[in-house]
Amino acid sequence: MAGKIRLVDHQRLDSAKDTPDYLWKENEEVVATGLVDPQAHGVVHNIPIGDYSDDEFIRGEMQGSIDAIKQHFGKTPVGFIWPGGGFTRRGIELAREAGYRVGFTTNPRGPVMFNWVPQAEQKDPNHPDWLPEIPAKDPRMTLPRYWSIDAAYRIDDVTQISEQAEAAAASSKATELEYYDIVCKSKTGEIPTPVP
């Protein structure tokens, strides 16, 4: 496979194997407090998954993370944070096969709400590093993520998007409740009254 990143390259760059014992021990102690829940971020980390990655490389990133987290923390990760924000539809398929349930990009598109995940269909010329998520066809594997350095100056954007979504939900509430009464109520019963 000319031009593809191969497993041979991956094995040479396995950062999990290069992590010093003291760092694993330190992290194991933090995880034991129950305050931290480690998830996967690949074992190479500095080579994003892209169209140039072969299946063997992608599987190595997925399974290598699972193996390291199981070995050091006694649990199987459910989330995969795409290294460098790189993901492909094939990468997502292989992540699902490996057992991952959610994935996080580096695209800070907005907040995730119970019925909405911000996604783009095409590249944004204003943000050329943000990959479009819709072609991947799996919103739960391409959730937005904010870098810690972004949080302070993006909070107003997130609040504004949330307020717009709240207004949209309020405007369609009557229609949705009517739909529930017609289609769902006979199967699931009355909607519980929210308790403030």
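Brief remarks on what is shown
- Residue check: residue 137 meets all listed conditions (1) over 11 Å from the mean Cα position of the chain (by Cα); (2) among the charged types (D, E, K, R); (3) surrounded by 15 or more Cβ atoms within 10 Å (Cβ to Cβ) but one, namely (3).
- Here 159, 175, 193 are screened, and the one residue that is surrounded by 11 or more Cβ atoms within 10 Å (Cβ to Cβ) and either in the same structural domain as residue 90 (by TED's automatic domain parsing) or polar (S, T, N, Q) (or both) is 159.
- Flag if residue 56 is in the same structural domain as residue 133 (by TED's automatic domain parsing) and without any contact (Cβ under 8 Å) to a residue 24 or more places away in the chain: no
- Test: residue in the range 95-104 that is touching a Pro at 6+ places or on another chain (Cβ under 7 Å) and without any contact (Cβ under 8 Å) to a residue 40 or more places away in the chain: no
- Qualifying residue in the range 66-76 (condition: within 30 Å of residue 155 (Cα to Cα) and either assigned by TED's automatic domain parsing to the domain that holds residue 49 or free of Cβ contacts under 8 Å to residues at least 40 places away in the same chain (or both)): no
- Counting the residues of the range 97-133 that are surrounded by 16 or more Cβ atoms within 10 Å (Cβ to Cβ) and under 22 Å from residue 70 (Cβ atoms) gives 5.
- Subset tally (residues that are within 16 Å of the chain's Cα centre (by Cα) and of a type in the set (S, T, N, Q)) for the range 116-129: 1
- Of all residues making up the range 34-52, the number that are hydroxyl-bearing (Ser, Thr, Tyr) and either modelled with pLDDT of 95 or more or touching a Cys at 6+ places or on another chain (Cβ under 9 Å) (or both): 0
- Considering each residue of the range 56-78 in turn, none proves to be under 20 Å from residue 105 (Cβ atoms), assigned to a strand (DSSP E or B) and among the polar types (S, T, N, Q).
- Residue 140 vs. criteria closer than 24 Å to residue 80 by Cα and touching a Phe, Trp or Tyr at 6+ places or on another chain (Cβ under 8 Å): no
The values are calculated or read from the model by the stated rules, or taken from the named source; none is laboratory data. Just so it is clear, the structure is predicted and the values come from calculations on it, not from any experiment. Backbone-built Cβ (ideal geometry, glycine too); neighbour counts: all protein chains shown.
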